[in-house]
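Undergrad: Provided herewith is a single structure, encoded as structure tokens, for subsequent inquiry.
The values are calculated or read from the model by the stated rules, or taken from the named source; none is laboratory data. Small disclaimer: the values here were computed from a predicted structure and weren't measured. Cβ: placed from backbone, ideal geometry, glycine included. Neighbour counts: every protein chain shown.
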Amino acid sequence: MTYARLFACSKIYIFAGSKNMSRKDKKTKAVFVIPDMGSGGAERVVSILANEFAKRDLPVGIVYLLDGRTDYPLSDGVEKIEFNAAGRGKIGALREFRRLIKEMKRDHGPVLIPFHDTCLKYCAVATRFSHVPVVACERNNPYIKGTSRVARLKSNLPYMNAKRCVFQTGGARDYYYRSVRKKSTVISNPLDTAILKEWRGNESRTIVSVGRLEPQKNHAMLIDAFAEVSEKYPEMKLEIYGEGSLRTALEEKIRALGLEKKVSLCGLTDRIGDVLASSRMFVLSSDYEGMSNALMEAMAAGVPVVSTDHPTGGARALIEDGENGLLTPVGDPKALAGAMIKLLSDPVDAARMAKNAEKVADSLSVSATADKWQEVIEACRTH
């Protein structure tokens, strides 16, 4: 019986054989906790890691805290647990979450890995006094939580209570107190090269961007920058892949600039490999990021890239300006336009940078990243 069925039936179920299993005989189970498995970057990382753990025959599960939406393929070896916290009320949800953790503990030695701050708070409260370890994960720019003494304390508390902490960049880790940093590990996102295709866009007329249509991604600035590019290169088009709350506002901006025939909001795609391979360049215009999966994929595919040098250093960790891509200041449409024009005006240099960018794949493989995560998970059970 799956845990999802267990809670649908509202029963406590004792797993066969687990009662007499000693702690040292139990396999550690990685349990990712996430609101849902929609089309975001954190969700993609969870799907890649969970599938890799299942491939290694390691016990792994995903708790869908809010709803069961799944936009990424998951292996049959990944336990899928739809919890539906919203339908239980706060107190009821916490009580049932404790029961779920208790059942997991009987069957395996679970390590909870919340991939969202809301999920982290849930796990912190639900695991109190249970001796179930929690790995806190910062998936974005923590400075947006605030830098005042009170805001920093509030943000640090869940991480202080976690067994281990994982950050995507050293810049993100630096936001937290020394006690948090001492038990932390920096692990870049895994790069799934299986979806990538060889770049063939050196003569393409399409510039591509990938990201949710939300303020963080600053597609409005990208469209402004492209308007300037279009004056010099009228044959170029801009395709933005993603969905979000700003679609209507961005459509209005495109119309206001008279770019209806040149800028397209393309929605979601499951053909990102083909999209990148046939593009002239990839552009990331975010005001802030953790570490962009789309940027990693574009670089590994050998696509010329331009990115804002956003905090907390996710782009800077990947791009050496002028060597394997171009970095521009956050919120500067003139600089962003200038970088795109530079790549368009010098295709030989653009190809050189793109070739250098492919090397990111060497250090960001799924296997290498999963190894680092596995070390963190096992450390939780042995210390």
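Undergrad: Listed residues ARG139, ARG98; which is over 28 Å from SER188 (Cα atoms), assigned by TED's automatic domain parsing to the domain that holds PHE53 and either at pLDDT below 95 or surrounded by 14 or more Cβ atoms within 10 Å (Cβ to Cβ) (or both)?
TA: Just one listed residue meets the conditions, ARG98.
Undergrad: Kindly provide the set of residues from the range 214-231 that are in a loop (DSSP other than H, G, I, E, B) and surrounded by 21 or more Cβ atoms within 10 Å (Cβ to Cβ), ordered by number.
TA: ASN218
Undergrad: Then there is this: Which of the residues that make up the range 30-42 are over 16 Å from ALA85 (Cβ atoms) and either more than 13 Å from the chain's Cα centre (by Cα) or at pLDDT 95 or above (or both)?
TA: ALA30
Undergrad: Among GLU378, GLU323, which is the only one that is acidic (Asp, Glu), in a helix (DSSP H, G or I) and either surrounded by fewer than 17 Cβ atoms within 10 Å (Cβ to Cβ) or not assigned by TED's automatic domain parsing to the domain that holds THR308 (or both)? Lay out the reasoning, then the answer.
TA: Details: GLU323 fails: in a helix (DSSP H, G or I).
The match here is GLU378.
Undergrad: Identify the residue in the range 247-277 that is farther than 27 Å from ARG200 by Cα and touching a helix residue (DSSP H, G or I) at 6+ places or on another chain (Cβ under 7 Å) and, among all such residues, is surrounded by the most Cβ atoms within 10 Å (Cβ to Cβ).
TA: Step by step, filter the range 247-277, then rank; the result is ILE254.
Undergrad: Can you say whether MET353 is closer than 21 Å to PHE226 by Cβ and in a helix (DSSP H, G or I), as far as the supplied structure shows? Can you show your working first?
TA: Values: closer than 21 Å to PHE226 by Cβ: yes; in a helix (DSSP H, G or I): yes.
Answer is yes for this residue.
Undergrad: May I ask you to list pairs of residues, at least six apart or on different chains, whose Cβ atoms are under 7 Å apart, with the first in the range 356-378 being within 15 Å of ASN51 (Cβ to Cβ) and the second being crowded, with 17+ Cβ neighbours inside 10 Å and of a type in the set (Phe, Trp, Tyr)?
TA: ALA370/PHE53
Undergrad: Which count do you get for residues in the range 232-249 that are part of a loop (DSSP other than H, G, I, E, B) and in contact with a strand residue (DSSP E or B) (Cβ under 7 Å, 6 or more places away or on another chain)?
TA: Count: 2.
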